[in-house]
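A.B. asks: Would you mind keeping the following structure in view while I ask a few things?
The values are calculated or read from the model by the stated rules, or taken from the named source; none is laboratory data. Computed from a prediction, not measured in an experiment: that's the story for all the values here. FYI the Cβ positions are ideal-geometry reconstructions off the backbone, even for glycines, and counts take in every protein chain you see. Calculation scope for accessible area: heavy atoms of the full protein, side chains included, ligands and nucleic acids excluded. Shrake-Rupley method; radii C 1.70, N 1.55, O 1.52, S 1.80 Å.
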Amino acid sequence: MSQVEQIKETLKQELKHAVTAAGLASAEEIPDVVIETPKDKEHGDFATNLAMQLARVAKKAPRAIADDIAANINYEAAAIDKLDIAGPGFINFFMKKDYLSDIVKTALTMNESFGTTDIGAGKKVQVEFVSANPTGTLHLGHARGAAVGDTLSNILTKAGYDVSREYYINDAGNQIDNLVLSLEARYLQEIGQDASMPEDGYHGADIIGFAKEIVESYGDRFKDADTDKRRAFFRDYGLKRETDKLKDDLADFRVRFDNWFSESSLYEEEKIQPVLDKLSANGETYEKDGALWFRSTEYGDDKDRVLIKQDGTYTYLTPDIAYHQDKLNRGFEELINIWGADHHGYIPRMQAAIQALGYEKDQLTVQIIQMVNLFENGEKVKMSKRTGNAVTMRELMEEVGIDATRYFFAMRAAETHLDFDLTLAKSESNENPVYYVQYAHARICSMLRQADEKGLKPDHEADLSVLTSEKDQDLMKKIGEYPEAVADAAKRHAPHRMTNYVYDLAQTLHSFYNAEKVLTDDEQLTKARLALVEAVRITLHNALSDIGVSAPEKM
RNA sequence: GUCCCAGUAGCUCAGCUGGAUAGAGCAACAGCCUUCUAAGCUGUCGGUCGCAGGUUCGAAUCCUGCCUGGGACGCCA
């Protein structure tokens, strides 16, 4: 539990004691006590609406209840300096300030692990994201999914969950047949044969590149080869190269997966039929019109879904159900899937499947990633200027930079449409939130360098009692909010809260910087402020790292 | 037609499991560099929280209906 949580918890307990001591309500009647941090500093460090919540039970006016609570609370035990009763019945608490310096010491001591909490209690969670077909290039939407999925995984880990990142490779089915046929056609074209691309073929430059590679290594060896053998080779080759490309692109985007799960392994390891058997045994399937159906409407889906088509092959859903069964078999208690907006109609049937297999609906959450629109100089960018095709993730990384790209994609709630302003993301100015935050970090590093030249280093033992200015205290409070911000973002699956937090922290630092000096003639104050800014630096660094953004020491 | 997401300042968005006067950035305007990085700070201006009802001590937040924008509704993947 973090410092601030500890304080709040103690305050809650003392509030409960005060309520029972005042005879306002019995312990069982007291609702969950909510301690909030008021927006307005005049409303204290913390506040509670408990008196209003108790109005009905205690049959008294909220302000009168607040008076009773105030008269009965133990100031010393709750670490309260003073309290006010305000508005309709809020109780505002002004805390003894020594807790603030504890926050600084905790940050310095924990360093890179500052921000970790145990609210996840080691729960095994799997985050599956990107999972783009291995048939082409990663685009904008994938990049957003990658940024959101990776950031979410980072903060879940920090909040104490046992997280595994997974990529589902759709390496079975029609699209792979198409990949093979496309590659075959390109290969034959490369060696001067008259071959046409399949109807739904992949026309990307990457396929042509692979065909050229094959010609370089193998010449025209496959010209008259047995079609099945040739295609088997092209299948393996194409998949390998496509998957490698995905891995490279994502690694360069600072996204790594714990597991790359192959769809075709479900076939090879015969994991599909047992799941069909289980569904049938549970009475969740029936036959109609020569097909096998899943009664997904039993679990709120619009219509039942076909599992085995008339021609005897599976629909896309079938191996996907087996895949989710496999995930659950691997011991994951909670599954988080991050899908593109075009898949959102697919959610009810997948959730139905989870339940039909005997699991709870909420063991699967699906986070939808909404569409991304690129803008440059106020104009909508439809196509890449370089290639004339849709803008790829790699182009974005190269043009905008990884830091800005990651930050911008993490910045907005995933389920909202995102306008990505290229001009802003590329600008090296205060308008650009990424630079604004990074600048705060660099500024601190600069001060630390100058202190270092004078032989001063941030010291865990510094006497922080001299940090009494408003800006000092604002900063300490803001640092103290970090573990909660992480926990909150994790609980709500809301990675964009981290960019909000880190921006706030940077703002508080810049404001402090303009109002107070760190390196002064007053040695005690200098030491205290060095410890303070080092704690800010650690927090900025950690929060940026959650988002996948670097924390530069110079700018 | 059914379902999902969104609608908050001129623009881009926070806030949404009910709480105090609805916040931030940009834009506009006015200030701050002999001082640790001005990629910064301070202030001013800016709102019928899409519309209409409802629930209650209290609604941007919850419920219902409607309007607008986007998306999904295959024995495709």
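A.B. asks: Just give me the residues in the range A:426-441 being touching a residue at least 12 places away in the same chain (Cβ under 8 Å), open to solvent by 30 Å² or more (accessible area, probe 1.4 Å) and either near RNA strand B (Cβ under 9 Å from one of its atoms) or within 21 Å of the chain's Cα centre (by Cα) (or both), in sequence order.
C.D. replies: A:435, A:436, A:439 - these are the residues of the range A:426-441 that are touching a residue at least 12 places away in the same chain (Cβ under 8 Å), open to solvent by 30 Å² or more (accessible area, probe 1.4 Å) and either near RNA strand B (Cβ under 9 Å from one of its atoms) or within 21 Å of the chain's Cα centre (by Cα) (or both).
A.B. asks: Please enumerate the residues belonging to the range A:254-273 that are open to solvent by less than 50 Å² (accessible area, probe 1.4 Å) and out of contact with any Asp or Glu (no Cβ under 8 Å at 6 or more places or on another chain).
C.D. replies: The answer is A:265, A:272.
A.B. asks: Take residue A:483 and tell me if it is surrounded by fewer than 23 Cβ atoms within 10 Å (Cβ to Cβ) and of a type outside the set (Asp, Glu).
C.D. replies: Considered against the rule, which asks whether it is surrounded by fewer than 23 Cβ atoms within 10 Å (Cβ to Cβ) and of a type outside the set (Asp, Glu), residue A:483 comes out as no.
A.B. asks: Do we have any residue at all in the range A:496-505 that's surrounded by 17 or more Cβ atoms within 10 Å (Cβ to Cβ), over 30 Å from residue A:402 (Cα atoms) and in contact with a helix residue (DSSP H, G or I) (Cβ under 9 Å, 6 or more places away or on another chain)?
C.D. replies: Within the range A:496-505 (the criterion being surrounded by 17 or more Cβ atoms within 10 Å (Cβ to Cβ), over 30 Å from residue A:402 (Cα atoms) and in contact with a helix residue (DSSP H, G or I) (Cβ under 9 Å, 6 or more places away or on another chain)), the answer is no, since none of the residues qualifies.
A.B. asks: Taking the condition surrounded by fewer than 17 Cβ atoms within 10 Å (Cβ to Cβ) and either within 16 Å of RNA strand B (Cβ to nearest atom) or at pLDDT 90 or above (or both), does residue A:8 pass?
C.D. replies: So residue A:8 does not fit the description; no.
A.B. asks: Restricting to the range A:79-113, and then to whatever is more than 22 Å from residue A:528 (Cβ to Cβ) and more than 16 Å from RNA strand B (Cβ to nearest atom), can you tell me which residue is most open to solvent (accessible area, probe 1.4 Å)?
C.D. replies: The residue in question is A:112.
A.B. asks: Of these, A:355, A:363, A:367, which one is under 14 Å from residue A:142 (Cα atoms), touching a helix residue (DSSP H, G or I) at 6+ places or on another chain (Cβ under 8 Å) and not hydrophobic (A, V, I, L, M, F, W, C)?
C.D. replies: Answer to the selection: A:367.
A.B. asks: Out of A:532, A:525, A:540, I need the residue that is open to solvent by less than 40 Å² (accessible area, probe 1.4 Å), under 25 Å from residue A:255 (Cα atoms) and out of contact with any Gly (no Cβ under 7 Å at 6 or more places or on another chain). Which one?
C.D. replies: Exactly one of A:532, A:525, A:540 is open to solvent by less than 40 Å² (accessible area, probe 1.4 Å), under 25 Å from residue A:255 (Cα atoms) and out of contact with any Gly (no Cβ under 7 Å at 6 or more places or on another chain), namely A:540.
Yes or no, residue by residue, for (1) out of contact with any helix residue (DSSP H, G or I) (no Cβ under 6 Å at 6 or more places or on another chain); (2) closer than 17 Å to residue A:82 by Cβ; (3) among the hydrophobic types (A, V, I, L, M, F, W, C):
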position: A:2; (1), (2), (3): no, no, no
position: A:12; (1), (2), (3): yes, no, no
position: A:40; (1), (2), (3): yes, yes, no
position: A:43; (1), (2), (3): yes, yes, no
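A.B. asks: Let me ask something additional. Sort out which residues of the range A:402-420 are part of a loop (DSSP other than H, G, I, E, B) and more than 6 Å from RNA strand B (Cβ to nearest atom), and write them in order of number.
C.D. replies: Our first condition is that a residue be part of a loop (DSSP other than H, G, I, E, B); within the range A:402-420, this holds for A:412-417.
If the condition is that a residue be part of a loop (DSSP other than H, G, I, E, B) and more than 6 Å from RNA strand B (Cβ to nearest atom), then A:414 is the only one that fits.
A.B. asks: Suppose we keep only residues that are free of Cβ contacts under 8 Å to residues at least 24 places away in the same chain and under 13 Å from residue A:181 (Cβ atoms) within the range A:201-227. Which one would you say is least open to solvent (accessible area, probe 1.4 Å)? Steps first, please.
C.D. replies: If we filter the range A:201-227 for residues that are free of Cβ contacts under 8 Å to residues at least 24 places away in the same chain, which is where we start, we get A:201, A:203, A:208-209, A:212, A:216-218, A:221, A:224-227.
Those left that are additionally under 13 Å from residue A:181 (Cβ atoms): A:201, A:203, A:227.
Numbers: A:201: 13, A:203: 117, A:227: 59 Å².
Residue satisfying both the conditions and the ranking: A:201.
A.B. asks: Quick check on residue A:134: is it touching a residue at least 24 places away in the same chain (Cβ under 8 Å), on the phi < 0 side of the Ramachandran plot and assigned to a loop (DSSP other than H, G, I, E, B)?
C.D. replies: Yes, satisfied.
A.B. asks: Does residue A:508 fit the bill of being over 30 Å from residue A:364 (Cα atoms), open to solvent by less than 10 Å² (accessible area, probe 1.4 Å) and either among the polar types (S, T, N, Q) or without any contact (Cβ under 8 Å) to a residue 12 or more places away in the chain (or both)?
C.D. replies: no
A.B. asks: Determine which single condition residue A:43 fails, assuming it passes every other condition in (1) in contact with a strand residue (DSSP E or B) (Cβ under 8 Å, 6 or more places away or on another chain); (2) under 11 Å from residue A:69 (Cβ atoms).
C.D. replies: With respect to (1) in contact with a strand residue (DSSP E or B) (Cβ under 8 Å, 6 or more places away or on another chain); (2) under 11 Å from residue A:69 (Cβ atoms), residue A:43 is out only on (2).
A.B. asks: Taking the conditions exactly as written (free of Cβ contacts under 8 Å to residues at least 40 places away in the same chain, away from RNA strand B (no atom under 12 Å from the Cβ), part of a helix (DSSP H, G or I) and open to solvent by less than 60 Å² (accessible area, probe 1.4 Å)), does residue A:399 satisfy them or not?
C.D. replies: It is false that residue A:399 is free of Cβ contacts under 8 Å to residues at least 40 places away in the same chain, away from RNA strand B (no atom under 12 Å from the Cβ), part of a helix (DSSP H, G or I) and open to solvent by less than 60 Å² (accessible area, probe 1.4 Å).
A.B. asks: Pick from A:387, A:423, A:392: which is open to solvent by 40 Å² or more (accessible area, probe 1.4 Å) and more than 14 Å from RNA strand B (Cβ to nearest atom)?
C.D. replies: Answer to the selection: A:387.
A.B. asks: Additional query: It is to be established whether one or more residues within the range A:376-383 are open to solvent by 60 Å² or more (accessible area, probe 1.4 Å), in contact (Cβ under 8 Å) with a residue 40 or more places away in the chain and hydrophobic (A, V, I, L, M, F, W, C).
C.D. replies: Scanning the range A:376-383, I find no residue that is open to solvent by 60 Å² or more (accessible area, probe 1.4 Å), in contact (Cβ under 8 Å) with a residue 40 or more places away in the chain and hydrophobic (A, V, I, L, M, F, W, C), so the answer is no.
A.B. asks: Here's another thing I want to ask about it. Where in the range A:25-76 are there helices (runs of 4 or more DSSP H), lying fully within it, with 3 or more residues that are more than 10 Å from RNA strand B (Cβ to nearest atom) and farther than 21 Å from residue A:9 by Cβ?
C.D. replies: On the way: elements: A:50-53, A:55-58, A:62-72.
In the range A:25-76, A:62-72 are the helices (runs of 4 or more DSSP H) which contain 3 or more residues that are more than 10 Å from RNA strand B (Cβ to nearest atom) and farther than 21 Å from residue A:9 by Cβ.
A.B. asks: Those residues that are free of Cβ contacts under 8 Å to residues at least 40 places away in the same chain and among the β-branched types (Val, Ile, Thr), I need them from the range A:74-102; list them, please.
C.D. replies: A:85
A.B. asks: Further question on the same structure: Which one of A:258, A:249, A:304 is within 15 Å of RNA strand B (Cβ to nearest atom), among the charged types (D, E, K, R) and touching a Ser or Thr at 6+ places or on another chain (Cβ under 9 Å)?
C.D. replies: On the way: A:258 fails: within 15 Å of RNA strand B (Cβ to nearest atom); A:249 fails: within 15 Å of RNA strand B (Cβ to nearest atom).
Matching residue, one of A:258, A:249, A:304: A:304.
A.B. asks: Further question on the same structure: Looking at the range A:356-369, can you tell me whether even one residue there is more than 30 Å from residue A:320 (Cβ to Cβ) and not in a helix (DSSP H, G or I)?
C.D. replies: No, there is no match, as no residue in the range A:356-369 is more than 30 Å from residue A:320 (Cβ to Cβ) and not in a helix (DSSP H, G or I).
A.B. asks: Now a separate question. Which residue is nearest to the chain's Cα centre (by Cα), if the candidates are limited to the range A:282-341 and must be in a helix (DSSP H, G or I), among the aliphatic types (A, V, I, L, M) and surrounded by fewer than 21 Cβ atoms within 10 Å (Cβ to Cβ)?
C.D. replies: Within the range A:282-341, the subset in a helix (DSSP H, G or I) is A:296-299, A:317-329, A:341.
Checking which are among the aliphatic types (A, V, I, L, M) leaves us with A:317, A:321-322, A:328, A:341.
Now narrow it down to the ones that are surrounded by fewer than 21 Cβ atoms within 10 Å (Cβ to Cβ): A:317, A:328, A:341.
Working: A:317: 26, A:328: 21, A:341: 17 Å.
By that ranking, first place goes to A:341.
A.B. asks: Counting only residues that are open to solvent by less than 50 Å² (accessible area, probe 1.4 Å) and of a type in the set (Gly, Ala, Ser), which one in the range A:114-137 is nearest to residue A:529 (Cα to Cα)?
C.D. replies: Looking at the filtered set, the residue picked out is A:115.
A.B. asks: Give the residues of the range A:169-216 that are of a type outside the set (Asp, Glu), modelled with pLDDT under 90 and closer than 21 Å to residue A:388 by Cβ, sorted by residue number.
C.D. replies: A:201, A:202, A:203, A:204, A:205
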